[in-house]
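First comes the structure, then the notes that go with it.
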Amino acid sequence: MQGKQRAFIKQARTKFILQQAFCLVLTGAPARAQSRPTPVRTAYSALSAGIGTLWLTQEEGHFKKHGLDSNLIYIRGGTTAVQALLAGEIHFGHLSPVPMMTAWAQGADFVWIGTTTHQMVQYRENSRASEPEFI
């Protein structure tokens, strides 16, 4: 089982690196051959295992390896992190989809790159959903 977990973590980390690199290419980031790495500020809004790939990528030096001077920033609460993202204070956010979708529904302009999970993390069922007043 640990082999599958390692493979999943490695795959998620690789996806995250590629997603961030893709965004930097789209924004016209300077070439990697420069002497100074490109500064990148990434926010996360939860202290959980889901952020593990982000921390591992930082700690193992993968950002530096690809010419990025990464700074991970903990911002308590997804709504505050979305505000920082829209204000340009951070470049990326590893956030809950709820505040992102709320901002989008209100007209915010941003790009959703991807996710680090293959399924919905939380599920809530309304036991009264089949009652006539909910249909």
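The values are calculated or read from the model by the stated rules, or taken from the named source; none is laboratory data. This one's a predicted model, so the numbers in the text were calculated from it and none came from an experiment. Neighbour counts are summed over all protein chains in view; Cβ atoms, including those assigned to glycine, are modelled from backbone coordinates with ideal geometry.
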Scan region 35-87 for residues that are in a helix (DSSP H, G or I), in contact with a helix residue (DSSP H, G or I) (Cβ under 8 Å, 6 or more places away or on another chain) and under 19 Å from Lys15 (Cβ atoms) and jot them down.
Gly52, Thr53, Leu54, Leu56, Thr57, His62, Phe63
Find the residue count for region 35-56, including only residues that are more than 21 Å from Gly77 (Cα to Cα) and modelled with pLDDT of 80 or more.
5
Being surrounded by 14 or more Cβ atoms within 10 Å (Cβ to Cβ) and modelled with pLDDT under 70 is the filter here; which residues of region 88-135 pass it?
Thr115, Thr116
Please work out which residue is modelled with the lowest pLDDT, limiting yourself to region 1-34 and to residues that are hydrophobic (A, V, I, L, M, F, W, C) and not in a helix (DSSP H, G or I).
Ala29
